[in-house]
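First comes the structure, then the notes that go with it.
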Amino acid sequence: MKSNMGTLDKAIRIVLALLIGGLYFANVINGTVAIISLIVAAVFIATSFVGFCPLYYPFHVSTGKKKTNEA
């Protein structure tokens, strides 16, 4: 797996995951919405640490730095 996520992308995902977790523990969200949101937050955390987003791959999207070929 090649990394396809940039630093800003990772940071935004972590912040959103923490926000979702905070909303859950403050009892702002509950029920089915909470369960789905926590699953999304877990996926955000996992993809941030791995640096690879499976949804980016089929569309050839990368938010990481572009490599230049210098001779």
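All of the numbers you see were taken from the coordinates with simple rules; none came from a lab. Note that this is a predicted model, so its numbers are computed, not measured. No Cβ is skipped: glycine too gets one built from the backbone with ideal geometry, and neighbour counts run over all protein chains shown.
When +1 charges are put on Lys and Arg Cβ atoms and -1 charges on Asp and Glu Cβ atoms, the dipole computed for the chain relative to its Cα centre reaches about 200 debye.
For the stretch 12-27, 3J(HN,Hα) computed residue by residue from phi via the Karplus equation (6.51, -1.76, 1.60; θ = phi - 60°) reads 4, 5, 5, 4, 5, 5, 5, 5, 4, x, x, 5, 5, 6, 8, 6 Hz, glycine and proline entered as x.
In the set (1) 5.7; (2) 12.7; (3) 7.4, the label that goes with mean projected area of the Cα convex hull in nm² computed for this structure is (1). Any chance you could give the angle, 0 to 90 degrees and rounded to 10, that helix 31-50 forms with the longest Cα principal axis of the chain? With both axes taken from Cα atoms, the answer is about 30 degrees. Remark: relative contact order (the stretch 1-69) = 55 percent; criterion is Cα-Cα distance under 8 angstrom and separation of 6 or more residues.
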